[in-house]
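Worksheet: one structure, shown below.
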Amino acid sequence: MTRLVHVLHAGRLDFRRALQLQRAVASLVHRTNNPPDDAHHQQQWGSCRNVLITTEHDPVYTIGIRTHGYDSAEESRLRALGADFVRTNRGGLITFHGTGQLVAYPILNLKLFQPSVRWYVCHLERSIIELCRRFGLRAQTTPDTGIWIEDRKICAIGIHASRYVTTHGLALNCNTDLEWFRHIVPCGLVGKSVTSLEAELHRPDLTIDAVMPEFLSSFRDTLECDLVPMDDELRLQLLREC
């Protein structure tokens, strides 16, 4: 079976709206992979067995299931900077999302790839390492989560899986304003810093739009799948639902 992934380019989305979109798409993926014997359903949803959402967020600090050190007072402090603050069910601790950051939420049925969360995370990591290589950067994994250039994190990864369907994903710093990260300990890693493609290559032209083709290509090659644009009618319907 061909691993077909429909790409939903969502544009710039508020993080909370993106969470709603993920839930809607995950429900779609669950239904598509476990359809009722219903001709109408087959006609409406039949082909979207896997979806890759790409987006960019307004400034927001998000925290995963490890919440140590981020109580209501810390939440208020961060909100006062002009960013939103959202608690989520992904893995990991606190990070920042904002403009200039390519955010990808693969909503995949791992049974159509490998029914292994470890396999999935490894391949997400490899796709970003390959992307960095294409830009002339040597990136790597470390015992800490994410993708690193020496001791500087360039991409955060935090995922969730339910019944082998994945949500959340990765955030690659393209030309992100890194000052936002100075107000937190990103991912709880003391003594480590954050970087971007722009900072490493001194190229402010490395916007999300400029990086997107290489991201999609490395994602496709690493996960050995075919990427096709989502049907416009379905894309708009899902966005309206959010």
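The values are calculated or read from the model by the stated rules, or taken from the named source; none is laboratory data. Here the structure is a predicted model, which means the values were calculated and not measured. Glycine also receives a Cβ, built like all others from the backbone with ideal geometry; neighbour counts cover every protein chain displayed. When the accessible area is computed, the model is the full protein with side chains, heavy atoms only, and any ligands, DNA or RNA have been set aside. Shrake-Rupley method; radii C 1.70, N 1.55, O 1.52, S 1.80 Å.
Summarising the strand pairing of the chain, around 60 percent of its internal DSSP beta bridges are antiparallel. Counted by Cβ distance under 14 Å from His9, the other residues give a net charge of -2, where Lys and Arg count +1 and Asp and Glu count -1. Of Ala18, Ala83, Ala104, which is the most mobile in a GNM of the chain whose springs link Cα atoms less than 10 angstrom apart? Among Ala18, Ala83, Ala104, the largest GNM mean-square fluctuation belongs to Ala83. Pair-distance distribution of the chain: all C-alpha pairs, bin width 10 Å, starting at 0; shares per bin in whole percent are 7, 33, 37, 18, 4, 0. Using the Cβ of Cys132 as centre and a radius below 10 Å, the other residues enclosed give a net charge of 0, where K and R count +1 and D and E count -1.
In the elastic network of the chain, a GNM with C-alpha springs shorter than 10 Å, the most mobile of Thr141, Thr166, Thr99 is Thr141. Across every direction, the projection of the convex hull enclosing the Cα atoms of segment 75-138 has a mean area of 6.4 nm².
Ordered by 1.4 Å accessible area with all protein chains kept, Met230, Met212 run largest first as Met212, Met230. In the chain, helices alone account for a calculated mean residue ellipticity at 222 nm of -10500 deg cm²/dmol, with every DSSP H run of four or more residues adding -39,500 (n - 2.57).
Taken about its Cα centre, segment 54-223 carries a charge dipole of about 640 debye when Lys and Arg each add +1 at the Cβ and Asp and Glu each add -1 at the Cβ. Across segment 143-154, rounded Karplus estimates of 3J(HN,Hα) from the backbone phi angles (6.51 cos²θ - 1.76 cosθ + 1.60, θ = phi - 60°) give x, 8, 5, x, 10, 10, 10, 6, 9, 10, 7, 9 Hz, Gly and Pro being marked x.
Placing +1 on the Cβ of every Lys and Arg and -1 on the Cβ of every Asp and Glu, with nothing else charged, gives segment 151-225 a dipole about its Cα centre of roughly 380 debye. Determine the sum of side-chain charges near Ser27: Lys and Arg each +1, Asp and Glu each -1, restricted to other residues whose C-beta is under 14 angstrom from that of Ser27. Once all neighbours under 14 Å are counted, the net charge is +3. The relative contact order of the chain, computed from alpha carbon pairs under 8 Å that lie at least 6 residues apart in sequence, is 24 percent.
For the options Phe15, Phe113, Phe219, a Gaussian network treatment of the chain with springs between C-alpha atoms closer than 10 Å singles out Phe113 as fluctuating the most.
In whole percent, what relative contact order does segment 117-229 give with Cα contacts below 8 Å and a gap of six or more residues?
Numbers: 138 pairs, mean separation 29.0, N = 113.
Computed over segment 117-229, the figure is 26 percent.
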